[in-house]
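Before any comments, here is the structure.
The values are calculated or read from the model by the stated rules, or taken from the named source; none is laboratory data. None of the values given here were measured: they were computed from a predicted structure. Cβ: placed from backbone, ideal geometry, glycine included. Neighbour counts: every protein chain shown.
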Amino acid sequence: MSGTAMKQAGAFSWNELMTTDVKGAKAFYGELLGWGMQHIKPGGMDYTLLKLGEKEIGGIMAIPDQAAGMPPAWGAYVSVNNVDALLGRVEALGGKVCLPPQDIPDVGRFAVIQDPQGAMLSLISHPQQA
């Protein structure tokens with residue numbers, strides 16, 4: 001993921017589609033929106049970077065085994081200074097940590113939270129922010 005503005009704390013920084021049909025999603029969004037696609041394997045996982053010109057704008061991946069049964073969905077990431085340090089505040093404010101912090105090789109550290117109303121959001125710290 002590139003772009004300094006997207007790594008600023010508090011900024012929406014990434015959008016990601018988790019789907020049961022990666023090939024179909026790539027065909028649909030590539031044709032509909034003209035996005036370029038680049039296959040990568042971070043940590044050995046199949047992942048497709050979405051590009052607008054040379055700018056990375058999001059990703060597509062298969063729904064992971066631990067989330068089997070969930071419907072395909074787009075998810076948003078917000079950059080934070082330190083994801084681990086922020087999770088206590090999530091719970092203190094009535095939210096829930098759904099996926100504890102995990103590292104994404106060469107990208108950063110993320111967690112998935114749920115707000116008190118039930119909406120899900122991913123928080124991410126980038127290496128220079130951790």
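For every residue, the table says whether it meets (1) touching a Cys at 6+ places or on another chain (Cβ under 7 Å); (2) modelled with pLDDT under 95; (3) not in a loop (DSSP other than H, G, I, E, B).
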{"position": "Met37", "(1), (2), (3)": "no, no, yes"}
{"position": "Gly69", "(1), (2), (3)": "no, yes, no"}
{"position": "Val78", "(1), (2), (3)": "no, no, yes"}
{"position": "Glu91", "(1), (2), (3)": "no, yes, yes"}
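With respect to (1) in contact with a Gly (Cβ under 8 Å, 6 or more places away or on another chain); (2) assigned to a loop (DSSP other than H, G, I, E, B), the lone exception for Leu50 is condition (2). Can you find a residue that is within 24 Å of Gly118 (Cα to Cα) and surrounded by 16 or more Cβ atoms within 10 Å (Cβ to Cβ) anywhere in the stretch 19-34? Looking for residues that are within 24 Å of Gly118 (Cα to Cα) and surrounded by 16 or more Cβ atoms within 10 Å (Cβ to Cβ), one finds at least one in the stretch 19-34, hence yes. Counting the residues of the stretch 103-124 that are closer than 23 Å to Ile40 by Cα and part of a strand (DSSP E or B) gives 10. Considering Pro100, Pro127, the condition of being farther than 13 Å from Glu16 by Cβ, of a type outside the set (A, V, I, L, M) and assigned to a strand (DSSP E or B) is satisfied by Pro100 alone. Contact annotation: residue pairs with Cβ atoms under 8 Å, 6 or more positions apart or on different chains, pairing a residue in the stretch 58-78 that is more than 19 Å from Gly24 (Cα to Cα) and in contact (Cβ under 8 Å) with a residue 60 or more places away in the chain with a partner that is buried (at least 18 other Cβ atoms within 10 Å of the Cβ) and hydroxyl-bearing (Ser, Thr, Tyr), are Ala76/Ser122; Tyr77/Ser13; Tyr77/Ser122; Val78/Ser13; Val78/Ser122. Taken over the stretch 98-113, the criterion of being surrounded by fewer than 16 Cβ atoms within 10 Å (Cβ to Cβ) and free of Cβ contacts under 8 Å to residues at least 24 places away in the same chain is satisfied by Cys98, Leu99, Pro100, Gln102, Asp103. On inspection, Ala67 passes the criterion of being within 16 Å of the chain's Cα centre (by Cα) and among the hydrophobic types (A, V, I, L, M, F, W, C).
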